[in-house]
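The values are calculated or read from the model by the stated rules, or taken from the named source; none is laboratory data. The structure displayed is predicted, hence computed values, not measured ones. All Cβ positions, glycine included, derive from the backbone under ideal geometry; neighbour counts span all protein chains shown. To get the accessible areas, we keep the full protein, side chains included, count just its heavy atoms, and leave off ligands, DNA and RNA. Shrake-Rupley method; radii C 1.70, N 1.55, O 1.52, S 1.80 Å.
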Amino acid sequence: MLLFALGFLLVILQPSTGQFPRVCANTQSLLSKECCPPWDGDGSPCGELSRRGSCQNILLSQAPLGPQFPFSGVDDREDWPSVFYNRTCRCEGNFMGFNCGECKFGFSGLNCTERQLRTRRNIFQLTTNEKNKFLAYLNLAKNIPSQDYVIATGTYTQMNNGSNPMFRVINVYDLFVWMHYYASRDTLLGGSSVWRDIDFAHEAPGFLPWHRAFLLMWERQIQKITGDENFTIPYWDWRDAEDCGVCTDEYMGGRHPTNPNLLSLASIFSSWQVICTRSEEYNSQQALCNATGEGPIRRNPGNHDKSRTPRLPSSADVEFCLSLTQYESGSMDKMANYSFRNTLEGFADPQTAISNPSRSGLHNALHIYMNGSMSQVQGSANDPIFVIHHAFVDSIFERWLRRHRPILEVYPAANAPIGHNRENYMVPFIPLYRNGEFFKPSRELGYDYEYLQEPALQSFQDFLTPYLQQARQIWAWLVGAAVVGGMVTAALTGLIKACRKKKGGTSSEIQPLLIESEDYNNITYQSNF
C-alpha cells in the first residue's frame, strides 16, 4: 500500500540532476552539440526570460593533466561533455539544473532564496517507521522510470557522431548505478584493446567531491519521486564493527539460508536485478553497459580475502586519517603517500599513510568485506548498502574539512589524473559541476551529520585546532620575534628616559602639556609595536 501511494506521487516530478537529459538525447541536439532546454516556468531556454540562466559555450579547463592516461581523442569522457555538447545552460544566482529549473543544493523557495539545512542520521537511530520508509523509497526508485534522464547505450562514434542516437530509458535507482559505472569504466580503444588505468570518480583527488555530488543528486531524486522534501540519506557508522550489522532483513537484507552468496528471500532487495557488472564482456564487445538485468545482488560479508582486508576499519584508523594535513600528494593517484584522500579511499595504510594497493583500508575495506556486488568498482552501486556506506565516508571527509579548514587552492589545479583537476567537469553529470565546487563544508551545500552536531565547546576546539597546528610550525620564529621585540622596547624606554632628563630645565608653566603629549604618543607606538 505504501509503495502504491508513493508511486502515485510520480506526477509531481520536476527536472532533476543526472546524466543525459531526455530532451537533449536526439539527433538535433547531438548534431548541434547544444543542450539548452526550455524552463517550463516561462518557456525560454534555460529560463532566460526569468533571468534564471542562459545558453552558453562551455568553458573547459586548460590545465595540464597527469601522465596516467597517455591518449587523446579516444574516449567520450575526455573534456566532458564536449564530445556530446559544447553549449549548455549556465545558471545564475542560486538556480541550478539542466534547464535552470531547480535550486542549488542548500536553497529552496520560488526564487531559491531560502536557506535549507537537513540532517543525515545514523541508520540505527531511525525509528521503525523511518527505517521502513527509507527501504520503501529505495524500492520505489528501483521501480520508477526516470522522467528526465536516459542513458547512452553506445559511444559517440557508434552513434555515427550523433546522427544515430543510442539511448535508453532507465529506472531512477539504476540511473545512478549506470552513472557510477560510466565514470569508472575502461577506455575502449578498438578491436579488443582497452585502457584500464582510468577512472573519473576514483583513485585521484576527485574521489571525495565526486561521491559528495553523487549522493546529493541521489538524495534529491528520492525527494522528488516521493514528495518528501525532508528526506536525507542515513549513514552506517562502521567503525569498530565486528560484522555487517546492517545485513539483516530488518535493514539491508540478511543472508540466504541455503546460498550464502545471495540475500534472504524475506528482504525486498532479494528480487533486485543488478546491471553493469560484466566489464570484461563489455570490453570484449567494445560496448557500453545497456542496463540489462544480470542477476540478483550478490553479497557474502566476511567471507572475503583476509590477506587483502584482515579486518573492518577501527576508530583509530579514522582518527589517524583525520590527522593527515595534506589532502593530496605526489602522483595524486593510488600510489600517493601521506594523502588524506588516498588513505580514506583505502589505497594507503590507515596506520602509516604509506601507499599499499595490495591491501584495502577504510573505504575500500568495506567494499571488499561485502564480498559480492559491492566488491567490483563499476557495479558496486547495485547494492543499496553503497549509499549508506558512502554517506559515512562523506562524513569523514566533512570532519577533515572542518578540522583543517582548507582553502579551495588546496585542491590540485593541475597535473592530477584525467578528469580530476579542480576545474574539470565531473563525468558524467549534466548540468555541469566542477570538482572544486564540492570541496567545501557540507553545511554550505545544505546538509549536516547528526553525530557532527557537537557541543559548542567541541566546535570551539575544532576551530582552534588548525591555528594551533600553524603556531607549532612557527613557534621558533615567534620566540625569536618576542626576544627582538623585548630588546627594541628596552632600547626605546631608555631613549625616552634620557630625553626626559634632557628636557628637565623647561619652564614649569608649559612642562605638563609637553609631557602629556609625549607620553600619549609613546604609549600608542609601543602598543602598536
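Before moving on, here are some points about what is shown:
- Yes/no for A183 being in a loop (DSSP other than H, G, I, E, B), out of contact with any Cys (no Cβ under 7 Å at 6 or more places or on another chain) and open to solvent by less than 10 Å² (accessible area, probe 1.4 Å): no
- Some residue of region 323-334 being open to solvent by 60 Å² or more (accessible area, probe 1.4 Å), of a type in the set (G, A, S), within 30 Å of L189 (Cα to Cα) and under 28 Å from the mean Cα position of the chain (by Cα): yes
- Extreme residue, nearest to Q68 (Cα to Cα), among residues of region 156-170 that are touching a helix residue (DSSP H, G or I) at 6+ places or on another chain (Cβ under 9 Å) and open to solvent by 30 Å² or more (accessible area, probe 1.4 Å): N161
Condition check ((1) in contact with a strand residue (DSSP E or B) (Cβ under 7 Å, 6 or more places away or on another chain); (2) farther than 24 Å from K104 by Cα) across all residues:
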residue: E34; (1), (2): yes, no
residue: P38; (1), (2): yes, no
residue: G47; (1), (2): yes, no
residue: G66; (1), (2): no, yes
residue: V74; (1), (2): yes, yes
residue: V83; (1), (2): no, yes
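- Where a residue in region 131-154 is in contact (Cβ under 8 Å) with a residue 60 or more places away in the chain and its partner, wherever it lies, is among the small types (G, A, S) and assigned to a helix (DSSP H, G or I), with Cβ under 8 Å and at least six apart: L140/G7; N143/G7; I144/G7
- When H367 is tested against the conditions (1) in contact with an Asp or Glu (Cβ under 8 Å, 6 or more places away or on another chain); (2) surrounded by 21 or more Cβ atoms within 10 Å (Cβ to Cβ), the lone failure is (1).
- Residue match in region 258-277 (condition: within 30 Å of S355 (Cα to Cα) and part of a loop (DSSP other than H, G, I, E, B)): yes
- Hits in region 331-349 - residues which are farther than 19 Å from W236 by Cα and either modelled with pLDDT under 95 or touching a Ser or Thr at 6+ places or on another chain (Cβ under 7 Å) (or both): K334, M335, A336, N337, Y338, S339, N342, F347, A348
- Residue identified as more than 20 Å from E437 (Cβ to Cβ) and modelled with pLDDT of 95 or more among N122, N57: N122
- Conditions (1) touching a Leu at 6+ places or on another chain (Cβ under 8 Å); (2) open to solvent by 40 Å² or more (accessible area, probe 1.4 Å): number failed by F269: (2)
- Every pair of residues 6+ apart whose Cβ atoms lie under 8 Å, when the first sits in region 44-70 and is open to solvent by 60 Å² or more (accessible area, probe 1.4 Å) while the second is β-branched (V, I, T) and in a loop (DSSP other than H, G, I, E, B): L65/I418
- Evaluating C100 against the criteria (1) more than 29 Å from I275 (Cα to Cα); (2) surrounded by fewer than 19 Cβ atoms within 10 Å (Cβ to Cβ); (3) under 22 Å from the mean Cα position of the chain (by Cα) leaves one unmet condition, (2).
- V246 falls short on exactly one of the conditions (1) over 22 Å from Q378 (Cα atoms); (2) exposed (fewer than 15 other Cβ atoms within 10 Å of the Cβ); (3) in contact with a Gly (Cβ under 9 Å, 6 or more places away or on another chain); (4) touching a residue at least 40 places away in the same chain (Cβ under 8 Å), and that condition is (2).
- Residues located in region 186-218, provided they are over 13 Å from the mean Cα position of the chain (by Cα) and crowded, with 20+ Cβ neighbours inside 10 Å: L188, I198, D199, E203
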